[in-house]
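Here is the structure we will look at, set down as structure tokens.
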Amino acid sequence: MSVETPARTSPSGPHQLLIDFGPVGLFIVSSNILNRFPETKENSIFIATAIFIVTTLLAIAYCRWKSGRVPPALIVVGVLVVGFGGLTLALHNDEFIKLRPTFANIFYCGAILISVLIKQNVMKLVFGHVFTFAERIWTILALRWAGFFFVMTFAAEYIRRTLSTEDWVNYHFPVLYIPTLLFALANTPFILKHNIETQHEAEPERAPGA
């Protein structure tokens, strides 16, 4: 008699928030704490970057252990954090970690546009199990997000060029992430409307008196 291994479940609720925002939260907190001590103030951004890399890798490992897979978006985040964080530490230049959000937005914008051009809409690939849309709606949604990430590229560059490293650490998260949340909320009526319409269209017509 064989014993079935319980299926792994995807992290949800507080666990998912910890995976998504825990590493960047620790990056901000550790940088601010280290800035308070003369012994670590000069190298605070580099120590915080090392913490950022380690906690990001731990989040990926936890997600892999918990669900048996790592979402593509988390893989992209991991590559960017390790890549730009590694350059920051290796070259002792904090500009690289500050460039990470800029390149992240460029990547997301480019990936979405290319996926639409080759008829492999990444929005549909990622969210197709949640929503049911006509192809035209998937394309509109993808182009909206591509445009948003394009605009956010300039926002990321603006704060990188105008803020000190210490101010950038504290303000880059709300400046870049709050608009993302607001844009997602702004698209919610559009998503719900067309998801409902598509579901209704897909329902077979019932015979009178059935």
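What follows is calculated from the coordinates using simple rules that are stated; it is not laboratory data. Here the structure is a predicted model, which means the values were calculated and not measured. We place every Cβ from the backbone using ideal geometry, glycine too, and count neighbours over all the protein chains shown.
Just a few scattered comments:
- Take the Cα of ALA90, step 7 Å toward its Cβ, do the same at ALA134, and the gap between the two points is 5.0 nm.
- Nearest 10 degrees, 0 to 90: helix 14-34 Cα axis against the chain principal axis: 20 degrees
- Counting lysine pairs in the chain that sit 8 or more residues apart in sequence, or on different chains, and whose Cα atoms lie under 28 Å apart gives 4.
- Given charges at beta-carbon only (K, R positive; D, E negative), |dipole| of region 10-92 in Debye: 220 debye
- Euclidean distance between Cα centres, region 44-63 to region 107-162, Å: 27 Å
- The charge dipole of region 94-202, taken about its Cα centre with unit charges on the Cβ of Lys, Arg, Asp and Glu (plus for the first two, minus for the last two), comes to roughly 240 debye.
- Of every Cα-Cα pair in region 94-202, the percent that sits beyond 18 Å: 55 percent
- Residue among VAL70, SER30, PRO101 farthest towards the positive dipole end of region 20-176, charges placed on Cβ: VAL70
- Dipole magnitude for the chain: about 200 debye, using +1 per Lys or Arg Cβ and -1 per Asp or Glu Cβ, origin at the Cα centre.
- For region 10-92: rounded, prolate or oblate by the Cα gyration tensor [a/c cutoff 1.5]: oblate
- With Cα atoms, 0 to 90° folded angle of helix 135-162 axis to the chain main axis: 10 degrees
- Estimated at 0.36 nm per residue, the fully extended path between GLU42 and TYR158 surpasses their Cα-Cα distance by 39.4 nm.
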